[in-house]
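Here is the structure we will look at.
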Amino acid sequence: MMRRMTHSVQAFSEWLAATSLSTLIQNVQWIIPTVQTIHILAIAIVMSSASMIDLRVLGIISRRQPLAAVAQRFLPWIWWTLIILLLSGSALIIGEPERSLGNPAFILKMSMLFTVLLLTVAFQRGLRRDAQYWENSPGRRIGGRLIAAVSLGLWIGIVFAGRWIAYLHVDSA
C-alpha cells in the first residue's frame, strides 16, 4: 500500500512538474525567491499572532488584558494570513512538486498544521460561546493552557518541519 501511495504521489508530482504553470514557476528566476519571501513573512505573522494568544492563555504575557480581547485582536491575523500561506505554499509546490509532496518533512508539517488548526477552531468556539469560557472554571483554564501549550509546540514544529523540507531528500526509487 505504501509503495502504491508513493508511486501515486511520484506520478502526480511528475505530472504537476510538467504543467505549463509549473514550468513557468521553474523558469522565471524571480518567482520562487519572491514567493518564498512572502511565505516566510506570512509565517512570521502567524507565529507572532499565535504566540501572543498562546502566551496570554499560559499567563506569561498580557495578564491584565482579557483573553477574549487578545484573541479578538490576533485570531483574524492567523486566519487571513493562512490564506496567503495557502496561496504561496501552493505556488511553491506547483513549482517544485517533487521537493515537497513525497517529503516526510512536508507530510509532518501538513499533519501538524491540520492538528493546530483544529485546536485553534476549538479554542475559538469556546470564546464565541462565552468570552470568559476558558477562564470560567479551573478545568477550563487547564484545558485552555493545554491547548495553548500544544498549539505553541505545533507552530514551532511546523516552522522546523518547513525548513527541513529543503534538506530532507527522499529517493523516489
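Over the chain, what is the mean sequence separation of C-alpha contacts under 8 Å (at least six apart), divided by residue count, expressed as relative contact order in percent?
Values: 162 pairs, mean separation 53.0, N = 173.
RCO, the chain: 31 percent.
Equivalent-ellipsoid semi-axes (√(5λ), Cα gyration tensor) for the chain, whole Å, largest first? Display every interim value, and only then the final one.
Values: eigenvalues 265, 62, 30 Å².
Whole-Å semi-axes of the equivalent ellipsoid: 36, 18, 12.
Ordering Leu87, Ile43, Pro33 by Cα displacement along the dipole of the stretch 1-144 toward the positive end leaves Ile43 in first place; charges were set at the Cβ atoms of Lys, Arg (+1) and Asp, Glu (-1).
Run lengths n ≥ 4 of DSSP H only: what is the helix-derived mean residue ellipticity at 222 nm for the chain, with -39500 (n - 2.57) per run over all residues, to the nearest 500?
Working: 7 runs with 137 residues, N = 173.
Result for the chain, helices only: -27000 deg cm²/dmol.
What is the magnitude of the charge dipole of the chain about its Cα centre, with +1 placed on the Cβ of each Lys and Arg, -1 on the Cβ of each Asp and Glu, and no other charges, expressed in debye to the nearest 20? Walk me through the numbers on the way to the answer.
Numbers: 15 positive and 7 negative charges, 168 e Å.
Computed charge dipole of the chain: roughly 800 debye.
Nearest 10 degrees is fine. How inclined is helix 31-57 to the longest principal axis of the chain, computing both from alpha carbons? Its long axis makes an angle of about 20 degrees.
Relative to the longest principal axis of the Cα atoms of the chain, helix 2-17 runs at roughly 70 degrees.
Looking at the P(r) of the stretch 1-73, how many percent of alpha-carbon pairs lie beyond 17 Å? Before the final figure, lay out the partial values.
Values: 1757 of 2628 pairs.
In whole percent, the long-distance tail amounts to 67.
Given their separation in residues at 0.36 nm each and the Cα-Cα distance between them, Trp79 and Glu14 gain 20.2 nm when the chain is fully extended.
Our estimate of slack between Thr23 and Ala131, defined as 0.36 nm per intervening residue step minus the Cα-Cα distance, is 34.0 nm. For the stretch 37-102, trypsin sites (Lys or Arg not before Pro) are listed when DSSP marks them as loop and at most 16 other Cβ atoms sit within 10 Å of their Cβ; the list is Arg63, Arg64.
Report the full-extension gain for the segment His169 to Ala149: residue separation times 0.36 nm, less the Cα-Cα distance, to one decimal in nm.
Values: separation 20, 0.36 × 20 = 7.20 nm, distance 3.06 nm.
Going from the current span to full extension adds 4.1 nm.
Based on alpha carbons, the Rg and Dmax found for the stretch 51-109 are 16.5, 48 Å.
Think of a 1.4 Å ball rolled over the protein heavy atoms: the chain then has 62 Å² of accessible area per residue. For the stretch 81-164, the convex hull spanned by the alpha carbon atoms encloses 86 Å³ per residue.
Carbon and sulfur: what percent of the chain's accessible surface (1.4 Å probe)? Please list the in-between numbers first.
Working: 7260 of 10760 Å².
That share works out to 67 percent.
The values are calculated or read from the model by the stated rules, or taken from the named source; none is laboratory data. Worth saying up front: this structure is predicted, and the values here are computed from it rather than measured. Glycine gets a Cβ as well: all are built from the backbone with ideal geometry, and neighbour counts include every protein chain shown. Only protein heavy atoms, including side chains, enter the accessible area calculation; ligands, DNA and RNA are left aside. Shrake-Rupley method; radii C 1.70, N 1.55, O 1.52, S 1.80 Å.
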